[in-house]
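The values are calculated or read from the model by the stated rules, or taken from the named source; none is laboratory data. For clarity, every value in this text was computed on a predicted model and none was experimentally measured. Note: ideal-geometry Cβ built from the backbone for every residue, glycine included; neighbour counts use all protein chains shown.
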């Protein structure tokens with residue numbers, strides 16, 4: 001079974017809207033950042049909302065991990081390693097902040113999401129677009145398209 005089949009609504013959206021994958025990832029990252037910001041603004045009096053926001057972000061990053069670990073992932077090993085190391089930080093920090101209200105660490109998660117979303121909002125260079133188009137054309141028609149964090153386009 002392909003990992004994309006286990007990604008639920010996110011994976012379904014990536015398959016249905018391959019031209020909007022960067023936007024999907026950007027919006028998901030910003031949504032999680034917004035939820036974490038709201039939780040911090042409410043303070044430790046709403047630990048349930050705080051934990052839910054952290055868990056939502058962690059689920060998104062788990063989706064990214066699955067996509068990055070896929071052998072069909074066309075990203076360079078170097079970029080995959082960078083993103084997987086970043087996801088390890090997100091996991092480690094998430095587990096740490098779930099049990100205790102730690103605004104400074106949650107701020108780091110918010111910053112990571114916003115930084116990646118900002119990068120996804122930029123237009124990729126033409127050679128990256130051409131490379132991604134070639135990869136997509138070579139894929140088997142029933143294979144799901146890679147997510148935007150796993151392509152250079």
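Tabulated data
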read-out	value
Odd one out for residue 71, checked against (1) surrounded by fewer than 16 Cβ atoms within 10 Å (Cβ to Cβ); (2) within 17 Å of the chain's Cα centre (by Cα); (3) assigned to a loop (DSSP other than H, G, I, E, B)	(2)
Options 60, 56, 79; residue that is surrounded by 13 or more Cβ atoms within 10 Å (Cβ to Cβ) and modelled with pLDDT under 95	79
Residue tally, condition crowded, with 19+ Cβ neighbours inside 10 Å and either outside any helix (DSSP H, G or I) or without any contact (Cβ under 8 Å) to a residue 24 or more places away in the chain (or both), over segment 82-117	1
